[in-house]
Amino acid sequence: MFGKLDDEQIEKVISENVIGRLGCCADGKTYIVPISYAYDGEFIYARTFEGLKTTLMRKNPYVCFQIDRMENMANWESVIVWGKFEELTNPEERNIGLKKLISRILPRISSDTVKLSTEWPFPTKDYTLITGIVFRIRITEKTGRYESGYAEIRNQNIL
(Lines give C-alpha, C1' and ligand atoms only; values in the text may rest on other atoms or scores of the structure.)
Protein backbone atom coordinates (compact mmCIF):
# COMPACT_ATOMS: atom_id res chain seq x y z
CA MET A 1 0.00 0.00 0.00
CA PHE A 2 1.25 3.48 -0.89
CA GLY A 3 0.31 6.51 1.13
CA LYS A 4 1.03 10.01 2.27
CA LEU A 5 2.74 10.64 5.62
CA ASP A 6 0.94 12.95 8.04
CA ASP A 7 2.74 15.80 9.84
CA GLU A 8 3.58 13.68 12.89
CA GLN A 9 5.04 10.89 10.73
CA ILE A 10 7.08 13.42 8.73
CA GLU A 11 8.51 14.88 11.94
CA LYS A 12 9.42 11.40 13.16
CA VAL A 13 11.34 10.54 9.99
CA ILE A 14 13.30 13.82 10.10
CA SER A 15 13.96 13.63 13.85
CA GLU A 16 15.07 10.00 14.00
CA ASN A 17 17.66 10.17 11.22
CA VAL A 18 21.07 11.82 10.85
CA ILE A 19 21.75 11.34 7.11
CA GLY A 20 19.88 12.98 4.27
CA ARG A 21 20.47 14.11 0.70
CA LEU A 22 20.84 17.80 -0.04
CA GLY A 23 19.76 19.03 -3.47
CA CYS A 24 20.91 22.39 -4.77
CA CYS A 25 21.29 24.02 -8.18
CA ALA A 26 22.69 27.11 -9.84
CA ASP A 27 24.24 28.03 -13.18
CA GLY A 28 22.42 25.17 -14.91
CA LYS A 29 23.99 22.53 -12.61
CA THR A 30 22.01 20.39 -10.18
CA TYR A 31 23.91 18.69 -7.35
CA ILE A 32 22.65 16.11 -4.87
CA VAL A 33 24.90 14.94 -2.07
CA PRO A 34 24.44 12.98 1.17
CA ILE A 35 25.16 14.93 4.36
CA SER A 36 24.82 14.36 8.08
CA TYR A 37 22.51 16.75 9.88
CA ALA A 38 20.74 17.74 13.08
CA TYR A 39 17.10 18.82 13.29
CA ASP A 40 15.49 20.96 15.98
CA GLY A 41 11.90 21.06 14.75
CA GLU A 42 12.45 24.28 12.81
CA PHE A 43 15.81 24.06 11.03
CA ILE A 44 18.09 21.43 9.56
CA TYR A 45 21.70 22.11 10.63
CA ALA A 46 24.84 20.87 8.92
CA ARG A 47 28.55 21.49 8.61
CA THR A 48 30.55 21.34 5.41
CA PHE A 49 33.64 22.76 3.75
CA GLU A 50 34.22 24.94 0.71
CA GLY A 51 33.19 23.15 -2.45
CA LEU A 52 30.54 22.77 -5.10
CA LYS A 53 27.52 22.63 -2.77
CA THR A 54 28.50 25.80 -0.90
CA THR A 55 29.22 27.58 -4.18
CA LEU A 56 25.82 26.60 -5.58
CA MET A 57 23.89 27.38 -2.39
CA ARG A 58 25.47 30.81 -2.10
CA LYS A 59 24.34 31.57 -5.67
CA ASN A 60 20.88 30.06 -5.23
CA PRO A 61 19.89 29.51 -1.57
CA TYR A 62 16.69 27.57 -2.35
CA VAL A 63 17.35 23.88 -1.66
CA CYS A 64 15.57 20.62 -1.06
CA PHE A 65 16.50 17.88 1.38
CA GLN A 66 15.42 14.23 1.36
CA ILE A 67 15.42 11.80 4.28
CA ASP A 68 14.56 8.10 3.99
CA ARG A 69 13.77 5.35 6.43
CA MET A 70 14.04 2.11 4.53
CA GLU A 71 13.31 -1.24 6.08
CA ASN A 72 13.23 -3.04 2.72
CA MET A 73 12.01 -2.38 -0.83
CA ALA A 74 8.38 -2.87 0.20
CA ASN A 75 8.46 -0.96 3.48
CA TRP A 76 9.85 2.55 3.52
CA GLU A 77 9.17 6.20 4.32
CA SER A 78 10.57 9.18 2.45
CA VAL A 79 10.37 12.87 3.34
CA ILE A 80 11.27 15.85 1.17
CA VAL A 81 11.85 19.25 2.73
CA TRP A 82 12.18 22.52 0.83
CA GLY A 83 13.81 25.55 2.31
CA LYS A 84 16.43 28.24 2.19
CA PHE A 85 20.16 27.87 2.86
CA GLU A 86 21.49 30.19 5.57
CA GLU A 87 25.22 30.26 6.22
CA LEU A 88 25.86 30.85 9.93
CA THR A 89 28.72 33.34 10.04
CA ASN A 90 27.65 35.14 13.22
CA PRO A 91 29.62 33.42 16.04
CA GLU A 92 26.54 33.12 18.28
CA GLU A 93 24.38 31.54 15.54
CA ARG A 94 27.28 29.30 14.45
CA ASN A 95 27.66 28.06 18.04
CA ILE A 96 23.93 27.29 18.22
CA GLY A 97 24.27 25.21 15.05
CA LEU A 98 27.34 23.41 16.39
CA LYS A 99 25.56 22.65 19.69
CA LYS A 100 22.71 21.07 17.71
CA LEU A 101 25.17 18.97 15.71
CA ILE A 102 27.14 17.93 18.79
CA SER A 103 24.02 16.94 20.75
CA ARG A 104 22.58 14.57 18.11
CA ILE A 105 22.84 10.85 18.64
CA LEU A 106 25.22 9.34 16.10
CA PRO A 107 25.99 5.75 15.20
CA ARG A 108 29.03 4.42 17.06
CA ILE A 109 30.89 3.96 13.81
CA SER A 110 30.90 7.31 12.00
CA SER A 111 32.95 8.92 9.26
CA ASP A 112 35.59 11.56 9.90
CA THR A 113 33.34 14.23 8.36
CA VAL A 114 30.71 13.61 11.07
CA LYS A 115 33.27 13.97 13.86
CA LEU A 116 33.29 17.70 14.57
CA SER A 117 36.52 17.78 16.58
CA THR A 118 39.54 15.68 17.45
CA GLU A 119 37.99 15.00 20.88
CA TRP A 120 35.08 13.13 19.28
CA PRO A 121 32.94 11.51 20.66
CA PHE A 122 33.43 14.05 23.44
CA PRO A 123 32.33 17.62 22.69
CA THR A 124 34.98 20.29 22.55
CA LYS A 125 34.53 23.25 24.88
CA ASP A 126 36.00 25.70 22.36
CA TYR A 127 33.77 25.85 19.27
CA THR A 128 36.25 28.10 17.47
CA LEU A 129 38.43 24.99 17.07
CA ILE A 130 35.72 23.35 14.92
CA THR A 131 36.55 24.15 11.33
CA GLY A 132 34.25 24.36 8.37
CA ILE A 133 31.10 26.11 7.30
CA VAL A 134 28.04 25.73 9.53
CA PHE A 135 24.70 26.28 7.86
CA ARG A 136 21.04 25.65 8.34
CA ILE A 137 18.06 25.16 6.11
CA ARG A 138 15.09 27.35 7.00
CA ILE A 139 12.25 24.94 6.22
CA THR A 140 9.35 26.28 4.16
CA GLU A 141 7.58 23.07 3.11
CA LYS A 142 7.55 19.33 3.93
CA THR A 143 5.96 16.31 2.33
CA GLY A 144 6.26 12.58 2.79
CA ARG A 145 5.26 9.28 1.25
CA TYR A 146 5.44 5.67 2.34
CA GLU A 147 4.98 2.14 1.14
CA SER A 148 3.90 -0.68 3.42
CA GLY A 149 3.95 -4.10 1.84
CA TYR A 150 3.51 -6.29 4.92
CA ALA A 151 -0.10 -7.16 4.08
CA GLU A 152 0.96 -8.38 0.64
CA ILE A 153 3.87 -10.37 2.10
CA ARG A 154 1.60 -12.03 4.67
CA ASN A 155 -0.91 -12.90 1.95
CA GLN A 156 1.87 -14.65 0.03
CA ASN A 157 2.85 -16.66 3.16
CA ILE A 158 6.42 -15.31 2.99
CA LEU A 159 6.50 -14.26 6.66
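Does Val79 count as in contact with a Cys (Cβ under 8 Å, 6 or more places away or on another chain) and modelled with pLDDT of 95 or more? Reasoning before the result, please.
On the way: in contact with a Cys (Cβ under 8 Å, 6 or more places away or on another chain): no; modelled with pLDDT of 95 or more: yes.
Taking the combined requirement at face value, the residue does not satisfy it.
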### Query
Can you pull out the residues in region 100-109 that are out of contact with any Lys or Arg (no Cβ under 8 Å at 6 or more places or on another chain) and modelled with pLDDT of 90 or more?
Lys100
### Query
Inside region 20-49, can you point out the residues that are touching a residue at least 60 places away in the same chain (Cβ under 8 Å), surrounded by fewer than 16 Cβ atoms within 10 Å (Cβ to Cβ) and touching a Gly at 6+ places or on another chain (Cβ under 9 Å)?
Phe49
## Note on the structure
With criteria (1) touching a Gly at 6+ places or on another chain (Cβ under 7 Å); (2) at pLDDT below 95, Phe65 comes up short on (2)
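Given region 1-110, what helices (runs of 4 or more DSSP H) lie entirely inside it while holding 2 or more residues that are closer than 14 Å to Ile139 by Cα? Lay out the reasoning, then the answer.
Numbers: elements: 7-15, 52-59, 91-103.
Those helices (runs of 4 or more DSSP H) span 7-15.
If the requirement is being farther than 29 Å from Gly149 by Cβ, surrounded by 14 or more Cβ atoms within 10 Å (Cβ to Cβ) and not acidic (Asp, Glu), which of these qualifies: Lys12, Lys53?
Details: Lys12 fails: farther than 29 Å from Gly149 by Cβ.
Exactly one residue qualifies, and that residue is Lys53.
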### Task
Go through the residues of region 133-147 one by one and say whether even a single one is surrounded by 10 or more Cβ atoms within 10 Å (Cβ to Cβ), modelled with pLDDT under 95 and in a loop (DSSP other than H, G, I, E, B).
no
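The values are calculated or read from the model by the stated rules, or taken from the named source; none is laboratory data. Quick caveat, the model's predicted, so the values are computed rather than measured. Backbone-built Cβ (ideal geometry, glycine too); neighbour counts: all protein chains shown.
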